[in-house]
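Shown next, in structure tokens, is the structure this report addresses.
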Amino acid sequence: MQHSTTKARQSTVPTPLLEVENLRVSFGNLTVVDGVSFSLAPGEILGIVGESGSGKSVTALAMMRLMPPNGRVEADRLCFMGEDILAAGERRLEQIRGDAMGMIFQEPMTALNPVLSVGHQIVETVRRHLGLGRREARERAIEVLRRVGIPAPEQRVDDFPHQLSGGMRQRVMIGMALVCGPKLLIADEPTTALDVTIQAQILELMLDLQSEYQMSIIMISHDLGVVSSFTDRVLIMYSGQVVEDAPADAAFSHPQHPYTEGLLASIPTIDGDLERLKAIEGTVPPPFDLPPGCRFAPRCAYAKPPCSTAVPPLVANTPGHSAACIRNTGYAFGPARR
Amino acid sequence: MLSVRALRKEFATGRRGLFSHAGAIRAVDDISFDIGHGETLGLVGESGCGKTTTGRLVLRLVEPTSGSISFDGTDILALSPKALRDSRRDMQIVFQDPLGALNPRMTVGELIVEPLVIHDIGDALSRETRLRELLGLVGLASYHASRFPHEFSGGQRQRVCIARALALNPRFIVCDEAASALDVSIQAQILNLLQDLKVQLGLTYLFISHDLGVIRHISDRVAVMYLGEIVEIAGKREIFDAPLHPYTMALLGSVPSSRRAKKQFQTISGDVPSPANPPPGCRFNTRCPMAQEICKTTPPPLRTLAAAHDVACHFADDIQGRQKKGREIRA
């Protein structure tokens, strides 16, 4: 940390909290994340958007190197707070997870242990990571439950997960992720299983806590509405690759990649009436049968013959806004991405 | 075409102790609505509000506790089991999860013609012709008929379910979250298909969804449910642009959208109360930002406030007055 603050003073650009270069994740011989690069500034909220199978959740899990036994994470660079995550041993990773990185999932019922009270589960985390005694840890748990908006936390602390509503369970998950004051919160579809009125409550809570703890958030979601109203910057993923990287406002008002454009045109909104939705024809290609060249080309309305020959590089068209489309390079190719 | 009056469904809950009475959950409590020929009525609400139960009651897949349902003048609740089965030719349903709705050991062709077999319609040859027709209608190719459901993507499976629902030439279809489990680009394909079929075949839909954007897109009129009751029912423009019930406003305010102010959410506090023990008075009073004393004691009746705009709120007139004033100031 010391090192990064001095560096930040030299150049006015803050040192990124997280740097990812050319991340590849594969299961057996299937590559599901292929060449993802991004960096995350302290306090920044980054959204990762994509449909099922786009690799957005796997990308997030790779940040913590949480992988099933057959999963392999490779990258040219994967640094969190200046530390090389790829070089970290299992014990060091366990320290980082939960301490400096917190994570919340879509379905709190499966992430919480059903036979332990919620208090017990928070106490477990606090004792392990902060080394507090039993009584202090319990007080800390009550305090964090109060902070995430659980009414009567002194009583709720002894409740079991099934006794809480979906919204309350997600609050407990958030409390558990934040109890050690992480610098990065990874939220994988945290509100997808919730009703809209509860979703709004949880998003508001997350924003409050984000400014209070000055942490960065990676928000993974398939819901463009959630991402556009919650994040500073978005990565749009398609078939394991980032196709657009842009400030959230620009991505939704002036999308540069045809896939982003197609997604936006296919969503019915509550703010106006459309005669007909512009559906993107076809389906996402499976990872074992990827088209050569641009992976979106078979479904793309703008596709030209060169699109099926090489993968277009992610090129910035305006500062801070890049897209991997040959329309950005004038139908000529830069160096191949791999 | 469909007329529902004072429909009610209670589910018994288990007896708790030796001497206590078994409780009842009023999943659907005294709701009434009409759907006209060729119309799509959207039914929207949060989980547990009774929208799915309503869809099943209308088709009598679940027996109502009381109330009446008439379909083209026929009293559905008075039908004998045989007559009810015949009426199903006219009324079909498409569910959320197509994989759960399709028998994994039957081919898609068998699945689609199964309703014809059950109702003993046509011979092998005419069923084969009908199968090709149905596959074409939902955008599948004839070679798909010999495949099994697991070989298809989610969107294609939902097309199979739609083809199956169309096999008997129904006039009315209940779509229960029919596009909700699909990715957005596929959801758009299915919504477009449903709209095309409606025009092509003159269908009428009861479209159930929790997604307000989808409801606005597909519906002509919208009913908003909360804890087993309809709190507001009106044309879609009225519901989305000039809602008169505080719950409808809260729902709309909660939807995140790129066209709204960033990082600001209009929230209402609290959780949905348990339907086993709904609050007295107006059921929304525990979460309503406008709630007064009267709301805690007296349930507001559903009343007509403007042309074809019904709302169940004691203060809907005030809300309407404020909206009018707002429009005058803007004008």
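The values are calculated or read from the model by the stated rules, or taken from the named source; none is laboratory data. Note that the structure is predicted; figures quoted are calculated from it, not measured. Virtual Cβ from ideal backbone geometry, glycine too; neighbours counted across all protein chains shown. Only protein heavy atoms, including side chains, enter the accessible area calculation; ligands, DNA and RNA are left aside. Shrake-Rupley method; radii C 1.70, N 1.55, O 1.52, S 1.80 Å.
Non-local amide H neighbours of A:Ile45 (under 5 Å, H modeled in plane, Pro and chain starts lacking H): which ones?
Excluding prolines and chain starts, which carry no amide H, the hits are A:Ile217, A:Asp232, A:Arg233.
Return the long-range amide H neighbours of B:Val174 (sequence gap of 5 or more, or a different chain), with a cut-off of under 5 Å between placed amide H atoms.
Residues meeting the criterion, in which the H sits 1.01 Å from N, are B:Gln92, B:Ile93, B:Val94, B:Leu206.
Inside 10 Å of the C-beta atoms of A:191-198, what's the mean count of C-beta atoms belonging to other chains?
Mean partner-chain Cβ count within 10 Å for A:191-198: 6.
Quick one: if the Förster radius is 56 Å, what FRET efficiency do A:Ala87 and B:Glu10 give, using the C-beta to C-beta distance and rounding to 0.05?
0.35
Suppose we take every Cα in chain B and form the convex hull; what volume per residue is that in Å³?
Convex hull volume per residue, Cα atoms: 177 Å³.
Would you mind giving the mean number of other chain beta-carbons within 10 Å of the Cβ of each residue in B:264-271, as a whole number?
Across B:264-271, the average partner-chain Cβ count within 10 Å equals 6.
Relative to the longest principal axis of chain A, what angle (0 to 90°, nearest 10) does the C-alpha long axis of helix A:90-99 take?
80
Going 7 Å from the Cα of B:Ile118 along its beta-carbon direction, which residues of region B:128-168 have the amide nitrogen within less than 14 Å of the resulting point?
Counting only backbone N, you get B:161-168.
Could you provide, to the nearest whole Å², the per residue accessible area of region A:188-338 with probe 1.4 Å?
Per-residue value: 39 Å².
Write down the accessible area per residue of chain B in Å², having rolled a 1.4 Å probe over the full set of protein chains.
45
Spin-label point model (7 Å from Cα, Cβ direction): what's the A:Arg127 to B:Arg330 distance in nm?
Those two pseudo-labels are separated by 5.9 nm.
With N denoting the number of residues in region A:197-337, provide Rg(C-alpha) divided by 2.2 N^0.38 Å, to two decimal places.
1.16
Read phi for every residue in region A:149-160 and hand back ³J(HN,Hα) as whole Hz from Karplus 6.51 cos²θ - 1.76 cosθ + 1.60, θ = phi - 60°, with x for Gly and Pro.
x, 8, x, 6, x, 4, 8, 5, 4, 9, 6, 8
Quick one: compute the contact order of chain B, relative version, from alpha carbon pairs under 8 angstrom and 6+ residues apart, as a percent.
This gives 19 percent for chain B.
Convert each backbone phi in region B:230-239 into a coupling constant with the Karplus relation 6.51 cos²θ - 1.76 cosθ + 1.60 (shift: θ = phi - 60°), then list the ³J(HN,Hα) values in order as whole Hz, x for Gly and Pro.
7, 9, 7, 9, 6, x, 5, 4, 5, 4
Name the residues whose placed amide hydrogens come within less than 5 Å of the amide hydrogen of A:Val315, ignoring near sequence neighbours (fewer than 5 apart) on the same chain.
The list, which skips near neighbours in sequence, is A:Ala323, A:Ala324, A:Cys325.
Where in region B:173-199 does accessible area fall by at least 50 Å² between the isolated chain and the complete protein assembly, at a 1.4 Å probe radius?
In region B:173-199, residues shielded by partner chains: B:Asp183, B:Val184, B:Ser185, B:Gln189, B:Asn192.
Give me a single rounded figure for A:278-288: the average over its residues of other chain Cβ atoms within 10 Å of their Cβ.
The per-residue average across the peptide is 4.
Separation between the B:Ala276 and A:Tyr213 pseudo-spin-labels, each 7 Å from Cα along Cα→Cβ, expressed in nm?
So the label points at B:Ala276 and A:Tyr213 sit 3.4 nm apart.
Round to a whole number: what % of the accessible area of the protein assembly as shown belongs to carbon and sulfur, probe 1.4 Å?
Summing carbon and sulfur atoms, their accessible area is 52 percent of the total for the protein assembly as shown.
In the neighborhood of A:Ala297, defined by Cβ-to-Cβ distances under 13 Å, what is the net charge if each Lys or Arg adds +1 and each Asp or Glu adds -1?
Computed value for this residue: +3.
B:Val231: net charge of surrounding residues, Cβ under 13 Å, Lys/Arg +1, Asp/Glu -1, itself excluded?
-2
So if each residue of separation counts as 0.36 nm, and I subtract the Cα-Cα distance between B:Arg322 and B:Ser153, what length gain in nm does that give?
Here the answer is 55.9 nm.
Quick check on packing: order B:281-294, A:47-60 by the mean number of other C-beta atoms within 10 Å, highest mean leading.
Order by mean packing, descending: A:47-60, B:281-294.
What does a probe at B:Gln292 reach in region B:303-331, counting residues whose amide N is under 20 Å from the point 7 Å along Cα→Cβ?
Counting backbone N atoms under 20 Å from the label point, the list is B:303-306, B:311-326.
So, in nm, how far is label A:Ala316 from label B:Ser70 when the simple model puts each one 7 Å beyond its Cα toward the Cβ?
7.0
At 15 angstrom or more along the helix axis (alpha-carbon based) and mean Kyte-Doolittle of 1.6 or higher, what helices does chain B contain? Whole DSSP H runs only.
Long hydrophobic helices here: B:108-118.
How many square angstrom of accessible surface are buried between B and A, both sides summed, with a 1.4 Å probe and rounding to 100?
The buried area between B and A, both sides summed, comes to about 3700 Å².
Around B:Ile186, under 12 Å between beta carbons, what's the net of Lys plus Arg minus Asp minus Glu among the other residues?
Once all neighbours under 12 Å are counted, the net charge is 0.
For region B:260-331, what are the per-bin percents of Cα-Cα distances with bins 5 Å wide, up to the bin holding the maximum?
In whole percents, the pair-distance histogram is 3, 13, 17, 18, 19, 15, 9, 3, 1, 0.
Would you mind estimating how fast region B:174-331 diffuses translationally, via Stokes-Einstein at 37 °C and 0.692 mPa s with the Kirkwood radius over Cα pairs, in µm²/s?
188
For region B:155-206, state the semi-axes of the equivalent ellipsoid (square roots of 5 times the eigenvalues of the alpha-carbon gyration tensor), sorted largest first and rounded to whole angstrom.
They are 18, 11, 10 Å, listed from largest to smallest.
Taking every DSSP beta bridge with both residues inside region A:125-259, roughly what % is antiparallel (nearest 5)?
55
In a solvent-free Debye calculation with one equal scatterer on each Cα, what is log10 I(q)/I(0) for region B:73-144 at q = 0.16, 0.20, 0.26 Å⁻¹, listed in the order of the q values?
Reported log10 I(q)/I(0), two decimals: -0.72, -1.01, -1.28.
Can you list the residues of region B:209-235 with backbone N under 18 Å from a point 7 Å past the Cα of B:Ser47, pointing along Cα to Cβ?
Under 18 Å, as judged by backbone N against the label point of B:Ser47, lie B:209-212, B:225-228 of region B:209-235.
Output the relative contact order of chain A, whole-number percent, from Cα pairs under 8 angstrom with separation of 6+ residues.
18
Per the helix-only calculation at 222 nm, which mean residue ellipticity applies to the protein assembly as shown, given -39500 (n - 2.57) for every DSSP H run of n ≥ 4 and division by its residues, nearest 500 deg cm²/dmol?
-10000 deg cm²/dmol
Give, in nm to one decimal, the length gained when the segment between A:Ser52 and A:Arg276 is fully stretched (0.36 nm per residue of separation minus the Cα-Cα distance).
78.3 nm
When averaged across all projection directions, what area in nm² does the alpha-carbon convex hull of chain A cover?
19.0
Which log10 I(q)/I(0) values does the protein assembly as shown give at q = 0.05, 0.07 Å⁻¹ under the Debye formula, counting every alpha carbon as one identical point scatterer?
One equal scatterer on each Cα of the protein assembly as shown leads to -0.27, -0.53.
Compute the distribution of all C-alpha to C-alpha distances in region B:108-206, in bins of 10 Å from 0, and list the percent of pairs in each, rounded to whole numbers.
For region B:108-206, the pair-distance distribution reads 15, 49, 32, 3.
I need the P(r) histogram for region A:76-123: all alpha carbon pairs, bin width 10 Å from 0 out to the longest distance, whole percents.
It works out to 20, 40, 28, 12, 0, in whole percents.
What does the convex hull of the alpha-carbon atoms of region A:1-157 project to on average, in nm²?
If I average the Cα hull's projected area over directions, I get 12.0 nm².
Hey, got the Cα dimensions of region A:90-160 along the principal axes, in Å, largest first?
37, 30, 23
Could you give the radius of gyration (one decimal) and Dmax (whole number) of the Cα atoms in region A:137-259, in Å?
16.4, 52
Can you list the HN-Hα couplings for region B:281-288, worked out from phi with the Karplus curve (6.51, -1.76, 1.60; θ = phi - 60°), rounded to whole Hz and with x for Gly and Pro?
x, 6, 5, 8, 4, 6, 10, 7
For the pair A:Glu136 and A:Met109, what calculated FRET efficiency results from E = 1/(1 + (r/R0)^6), where r is the Cβ-Cβ distance and R0 = 22 Å, to the nearest 0.05?
After rounding to 0.05, the efficiency reads 0.15.
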